[in-house]
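Notes follow once the structure below has been shown.
The values are calculated or read from the model by the stated rules, or taken from the named source; none is laboratory data. If you're wondering where the values come from, they're calculated on a predicted model, not measured in any experiment. When we count neighbours, we look across all protein chains shown, and the Cβ atoms used for this are built from the backbone with ideal geometry, even at glycine. With ligands, DNA and RNA removed, areas are computed over all heavy atoms of the protein, side chains included. Shrake-Rupley method; radii C 1.70, N 1.55, O 1.52, S 1.80 Å.
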Amino acid sequence: MKIAMKGSAQLGPLPVVLVTCRGKDGRANVFTAAWTGTVCTAPPMAYVSVRPSRYSHALISETGELALHPVPASLVREADWCGTYTGAKVDKFAACGFTEEKAEKIGAPLIAECPLALECRVKEVKRLGSHDLFLCEIVAIDAEEDLFDEKNALRMERAGLAAFLHGDYYALGKKLAHIGVSAGKKKNFSRGGRK
């Protein structure tokens, strides 16, 4: 038996992502977001939702650029810290010991300690309520060499990424299956699904 609840943001798990941006004054900032993900394949698009009152909201609005960094489990403490303190009062790169790297196509910095970064340009801002959604085109991806296999395919499972689930952080665990696992053999979905 299921219990009906009032509608709320209960979808999970969510990615743990460090978002970098830089204002027109040159000052860089990094903050943590869980309200983020991909929305389109061609062109490659992602989103991040940010409260309008946040310091980074103004920086992203000024330049229209940001970088998304999926967080490895080894950096969860730093990610949590970046989501707790404001960049208006502290240099989060210095406080966390992050090294700024130059991005290929945007002015926002990359975090050298993160194995992967998605360089993004904002295409649209949608005001939703508590958060504004920045809809972005992914214009470049920067990935560490050891994330690629012998066929030069990106293997994100090698990054040891973390996930967020209702107030707690988790390390992603074992692989269960590959996409398309249900294809090829006939399956009997006895609970009203496909046959």
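Structural remarks
- Condition met for Glu62 (assigned to a helix (DSSP H, G or I) and either in contact with a helix residue (DSSP H, G or I) (Cβ under 6 Å, 6 or more places away or on another chain) or at pLDDT below 95 (or both)): no
- Look at the range 159-184: where a residue is in contact (Cβ under 8 Å) with a residue 24 or more places away in the chain and a partner is open to solvent by 50 Å² or more (accessible area, probe 1.4 Å) and not in a strand (DSSP E or B), sitting 6+ places away or on another chain with Cβ atoms under 6 Å, you get Leu161/Leu172; Ala163/Pro13; Ala163/Leu172; Leu165/Pro13.
- Ser74 being within 26 Å of Arg158 (Cβ to Cβ), assigned to a helix (DSSP H, G or I) and polar (S, T, N, Q): yes
- Some residue of the range 3-15 being touching a Leu at 6+ places or on another chain (Cβ under 9 Å), of a type in the set (A, V, I, L, M, F, W, C) and modelled with pLDDT of 95 or more: no
- Selection of first residues in the range 54-67 that are crowded, with 18+ Cβ neighbours inside 10 Å and of second residues that are part of a helix (DSSP H, G or I) and not aromatic (Phe, Trp, Tyr), restricted to Cβ pairs under 8 Å at least 6 apart or on distinct chains, gives the following pairs, ordered by first then second residue: Leu66/Ile60.
- Among strands (runs of 3 or more DSSP E) entirely within the range 77-166, having at least 2 residues that are open to solvent by 80 Å² or more (accessible area, probe 1.4 Å) singles out 116-127.
- On the stretch given as the range 83-114, residues that are of a type in the set (Lys, Arg) and without any contact (Cβ under 8 Å) to a residue 24 or more places away in the chain total 2.
- Close pairs (9 angstrom Cβ cut-off, 6 or more residues apart or separate chains): under 30 Å from Leu59 (Cα atoms) in the range 134-151, among the basic types (Lys, Arg) and not in a strand (DSSP E or B) anywhere: Val139/Lys105; Ala140/Lys105; Glu144/Arg158
- Complete set of residues in the range 12-50 that are touching an Asp or Glu at 6+ places or on another chain (Cβ under 7 Å), within 24 Å of Phe93 (Cβ to Cβ) and open to solvent by 60 Å² or more (accessible area, probe 1.4 Å): Lys24
- The single condition among (1) in contact with a helix residue (DSSP H, G or I) (Cβ under 8 Å, 6 or more places away or on another chain); (2) under 21 Å from Thr99 (Cα atoms) that Val76 does not satisfy is (1).
- Lys6 touching a residue at least 24 places away in the same chain (Cβ under 8 Å) and either open to solvent by 60 Å² or more (accessible area, probe 1.4 Å) or touching a helix residue (DSSP H, G or I) at 6+ places or on another chain (Cβ under 7 Å) (or both): no
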